[in-house]
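Trainee: Got a structure here, written out as structure tokens. Questions coming.
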Amino acid sequence: MSRFAAVVLVLCLNISSAAPQTGDDIQQAKGEVASELQVCSIYFRIGRSCLSLQEPALARSYGEMSDKVADLAISGFRAVGVSDEVYAAQESLYTEAMINAMRGGLHKHRCAAAKVFEILSAPEPKR
């Protein structure tokens, strides 16, 4: 579990020198952390898809991390009053944006683009 925590901290959290002072600041900070965790979860899910054919064990590990980080993100969002429906809609938008950002480099990493889009239920890339 400590390895997992280190990965989450390194990839997802932006430590600030100023501590929140008000209840609103604390709620906003919780929401920001939950949002960062959601993005990390999506990154691990896409990574799992890209690695599944070449490195199945690593892909499984990425899948486990994605699930754990997603659970933390969902809990964080619920704590600040964000519904599961809003989480799902935001996840869809983030996934599409991340895939679009990576689309040009998928072939360079031997990632089967069709498999990624199938798994993530994203639109097929234009050819």
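Any read-out appearing in this document is the output of simple, stated calculations on the displayed coordinates, not a laboratory observation. Fair warning: this is a prediction, and the values are worked out from it, not measured in the lab. Cβ atoms come from the backbone with ideal geometry, glycine included; neighbour counts cover every protein chain shown.
Trainee: Please arrange T22, T95 by counting, for each residue, the other beta carbons lying within 10 Å of its beta carbon, fewest first.
Mentor: Result, fewest neighbours first: T22, T95.
Trainee: Counting each pair of different Cα atoms once, what's the Kirkwood radius of the stretch 21-105 in Å, rounded to one decimal?
Mentor: Computed over Cα pairs of the stretch 21-105, the Kirkwood hydrodynamic radius comes out at 13.6 Å.
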